[in-house]
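The values are calculated or read from the model by the stated rules, or taken from the named source; none is laboratory data. Here the structure is a predicted model, which means the values were calculated and not measured. Note that we place each Cβ from the backbone using ideal geometry, even for glycine, and neighbour counts take in every protein chain shown. Keep in mind that these areas ignore ligands, DNA and RNA; they rest on the heavy atoms of the full protein, side chains included. Shrake-Rupley method; radii C 1.70, N 1.55, O 1.52, S 1.80 Å.
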Amino acid sequence: MDDVRDFDKQVLQRSRELPVLVDFWAPWCGPCKMLGPVLESLAASAAGRWELVKVNIDEQPGLATAYDVSSIPAVKLFMNGTVADEFLGFRSDTEIREWLEQRLPSPALAQLELAAEKIDAGDLAGARTLLEQALKLDPNRAAAKLLLAEILLSSDRPAALDLLRQIPEHADEHPHAAALSLLADAAGRDLA
């Protein structure tokens with residue numbers, strides 16, 4: 001990846017749309033030469049979840065100063081126009097992947113948010129598709145199970161009840177799921 005030409009556009013503005021990982025480096029830095037290919041490989045396999053921007057501090061000393069880069073390699077994760085987190089020095093592929101997973105928004109969460117918008121707009125079929133996709137990405141996402149169960153209650157009560165029972169007691173959604181499950185059970189007995 002080429003070095004940054006317009007930091008405001010490539011990093012600050014872009015990070016409002018998706019996370020941007022900035023690698024502050026220099027050509028004379030040995031650990032930077034080791035870290036660069038690792039970051040580039042991770043960016044290539046990120047499937048659009050985040051982007052990589054490289055800042056050569058020899059060519060952009062003002063940016064290094066502005067972002068308090070006193071040691072390199074320095075890696076900063078920008079989200080919503082600001083630094084969300086950072087690390088210094090070389091890290092392995094596995095360490096960086098774990099670091100990113102703890103900090104990046106979940107793709108399932110994006111699907112869940114879109115599904116909620118579809119529900120608000122009355123598009124239950126569209127919401128159902130998005131919720132099913134969210135559960136493929138994150139099978140343990142309780143909020144997706146709850147919303148999907150609410151949609152399924154009128155058309156597939158057994159599947160809805162199964163989803164509701166999968167929501168763990170420690171989940172914030174559990175009280176709602178338990179109440180909905182009781183109501184669905186009661187409605188099922190009335191229909192029998």
From E132, E113, E117, residue being of a type in the set (D, E), open to solvent by less than 80 Å² (accessible area, probe 1.4 Å) and either within 23 Å of R49 (Cα to Cα) or out of contact with any Ser or Thr (no Cβ under 6 Å at 6 or more places or on another chain) (or both): E132
Condition met for P27 (touching a residue at least 24 places away in the same chain (Cβ under 8 Å), farther than 30 Å from Q111 by Cβ and over 19 Å from the mean Cα position of the chain (by Cα)): yes
All positions within segment 161-173 that are crowded, with 17+ Cβ neighbours inside 10 Å and under 26 Å from the mean Cα position of the chain (by Cα): L163, L164, I167, A171, E173
Residues that are closer than 14 Å to L88 by Cα and part of a loop (DSSP other than H, G, I, E, B), drawn from segment 49-76: Y67, D68, V69, S70, S71, I72, P73
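Yes or no, residue by residue, for (1) touching a residue at least 24 places away in the same chain (Cβ under 8 Å); (2) in a helix (DSSP H, G or I):
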{"residue": "L21", "(1), (2)": "yes, no"}
{"residue": "M34", "(1), (2)": "yes, yes"}
{"residue": "P37", "(1), (2)": "no, yes"}
{"residue": "F78", "(1), (2)": "yes, no"}
Helices (runs of 4 or more DSSP H) wholly inside segment 80-192 containing at least 3 residues that are modelled with pLDDT of 90 or more and farther than 30 Å from Q10 by Cβ: 107-120, 124-137, 142-152, 157-165, 174-191
